[in-house]
Amino acid sequence: MAARLEDLNPNAEIVSKAAARAVNVAAAQGLQGVLKTNLGPRGTLKMLVGGAGQIKLTKDGNVLLHEMQIQHPTACMVARTATAQDDVTGDGTTSTVLLCGELLKQAERYASEGLHPRVITDGFDKARDSAVEFLDTFKIKKDQPEKDRELLTQVANTSLRTKLEPDLADVMTEAIVDAVQCVAEPDTPVDLHMVEIMHMQQQQGCDSRFVNGIVLDHGGRHPDMPKVMENCYIMTCNVTFEYEKTEVQSGFFYSSAEEREKLVESERKWLDERCKAVVDFKRSVCKNGETFIMINQKGIDPLSLDIFAKEGILALRRAKRRNMERLTLACGGVPMNSIEDMTVDMLGYAGKVSEITLGDDKFTFVEDCKIPKSCSIIIKGPNKHTIDQIKDAIRDGLRAVKNTIEDGSVIPGAGAFEIACALHLNNVLKKSVEGRAKLGVEAFAEALLIVPKTLAENSGLDVQDSIIKLQEEREKTNLPIGIDCNSGEPMLPVEEGIFDNFRVKRQSIYLATVLATQLLLVDEVMKAGKQMGKKKEDNTGLDQEDMD
């Protein structure tokens, strides 16, 4: 006779067959219920309160799943899958959770009537492959999308309006498109690390903007250095202008004050010569109305700073390495590693450099670069949670525009794909599939409709009425038909400029189906070593209650 788990571990907690499936479905639907209200431009916000009382307001599914404390193992699996979706494509977290929950819900309807989960999952696999093929035919191809500003603006706006207020979303859309067009190059992947995102706690969110250059989070270290400069030559260097410690352990010995003075003087003379070389170089380069800025990765001592200040040079010391890389990409030029390297063609150029002080913090804006390959987005807001909300939205917007450029195609949004794909599965695939797998295809088609249904529900519309209108309109016209969240009427997303990413939809369909399939095929959940509600006994053999 085969051994059972109870025989091997009498303390194991076991949920099997229908109960195990019900547990998994309930967990996935519970998570779906949490995220459902966030979907779409008219979705609601969630307030996350941390253990120390810190507050975060968000509509972003990825942020919610990362920050929520989820204890149920099945819900954890769904959350991890959805956050993996975000890591790969940058969006579609909420849609993945909704689709996975709905697939399980539809499958449970059939499974509760006695249909074996394996039959349903066979239908799911066929429907998934057919949906991905249909997605390929449904996409709208675009040539050189990085040059099509209108398209990129529409994609960014579609992404941002689901996470921010419309006015703020419009401002940030322009900033995001400017930033991506700045760093995008034909036939190469877009490197979003070249977009520096800085935040300043001041003014309103709508004052956030794009900077055609770099913003450094420190300023000049001398009070007499100029605060605003125009027509600037930028020298990026990695040269020391202070006393350095020797590389080997060594010491200087002197027997009188005069000897010490000579030692200090010789070191100072070495530094003064370095400073003089920079000053002479500046004088030879700068003509009328031109200024000189030195941004150094190493240190500059106070006396050297004083020499530069008297010459009208703005010198920044100890710049971050990542900023040094971006500076040469934004302003041009080549980083210098020694004073002997200085030539005019190694300098960068910026139209304007200005220093701004906010409380104890200083920021240096290097703007109006000629052919920048790196740039910055400044996020402003009156408080921390506004800034966090904008920062999360910008990350998604940047990824959405990047995906559009790399895919070379877009998908009509507003639930248009889900409506069209559900009809395609019911009208075409279902007829070609034989046997009970048809029921799996049917369940998949019904589950796809969760996206337009949720969009309608979050907009305060009649769900059934809206879906029927959309399906009728699609069958009549065979055009991509989406839902207008304001009126509930069918509309053409292509004309309204509502677009989703191709790779986000494809990844979402794959991930949600694979996870739903795996969870459906679970017929036993074991939590080994758990005391199954038994009362603990002490050494005397009495129950705890008897002791009380």
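Here are the numbers:
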item: Net charge of Cβ neighbours under 15 Å - reference Ser256; Lys, Arg +1; Asp, Glu -1; result: -2
item: Point-charge dipole on Cβ atoms (K/R +1, D/E -1) for region 442-492, about Cα centre, debye to 20; result: 140
item: Charge sum, other residues only, whose C-beta stays under 13 Å from Glu185's C-beta, Lys/Arg counted +1 and Asp/Glu -1; result: -1
item: Dipole of the chain, positive end: most advanced residue of Pro452, Leu48, Val171 [Cβ charges, Cα centre]; result: Pro452
item: Net charge of neighbours whose Cβ lies under 15 Å from the Cβ of Val494, counting Lys and Arg as +1 and Asp and Glu as -1; result: -3
item: Theoretical ellipticity at 222 nm over the chain - DSSP helices of four or more residues, -39500 (n - 2.57) apiece, nearest 500; result: -15500 deg cm²/dmol
item: Region 210-274 and region 407-431: distance between their alpha carbon centers, rounded to Å; result: 64
item: DSSP-defined beta bridges in the chain - what % are antiparallel, rounded to 5; result: 65
item: Net dipole in debye of the chain [+1 Lys, Arg Cβ; -1 Asp, Glu Cβ; about Cα centre; nearest 20]; result: 340
item: Of Leu152, Pro117, Thr404, farthest towards positive along the dipole that unit charges on Lys, Arg, Asp, Glu beta carbons give the chain; result: Pro117
item: Residues whose placed amide H lies under 5 Å from that of Leu347, excluding near-sequence neighbours; result: Val334
item: Residues of type lysines that Lys56 reaches as a straight line, Cα spacing below 24 Å, ignoring anything fewer than 8 places off in the same chain; result: Lys36, Lys46, Lys163, Lys380, Lys384, Lys391
item: C-alpha long axis of helix 93-111 to longest principal axis of the chain, angle in °; result: 10
item: For region 117-178 versus region 327-399, the gap between their alpha-carbon centres in whole angstrom; result: 30
item: Degrees, to the nearest 10: 73-89 long Cα axis against longest axis of the chain; result: 50
item: Degrees between helix 117-138 axis and first principal axis of the chain (Cα, 0 to 90, nearest 10); result: 50
item: Entries in Lys105/Lys139; Lys320/Lys362; Lys287/Lys373 that, when Cα-Cα distance is taken, lie over 25 Å; result: Lys105/Lys139; Lys287/Lys373
item: Charge dipole (region 215-357, unit charges on Cβ, about Cα centre) - positive-most of Phe281, Ile307, Met229; result: Met229
item: Simple Cβ-charge dipole of region 202-269, Lys/Arg +1 and Asp/Glu -1, about Cα centre, in debye nearest 20; result: 180
item: Residues of region 118-143 with amide N under 20 Å of the 7 Å Cα→Cβ point at Val428; result: 123-142
item: Whole-Hz ³J(HN,Hα) from phi, Karplus 6.51 cos²θ - 1.76 cosθ + 1.60, for region 52-58, glycine and proline x; result: 8, x, 6, 10, 9, 9, 7
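Every read-out reported here was derived from the displayed coordinates using simple, explicitly stated rules and does not represent laboratory data. In this text the structure is predicted, and so the values were computed from the model without any measurement. Heads up, the Cβs are rebuilt from the backbone with ideal geometry, glycines too, and the neighbour counts pull from every protein chain shown.
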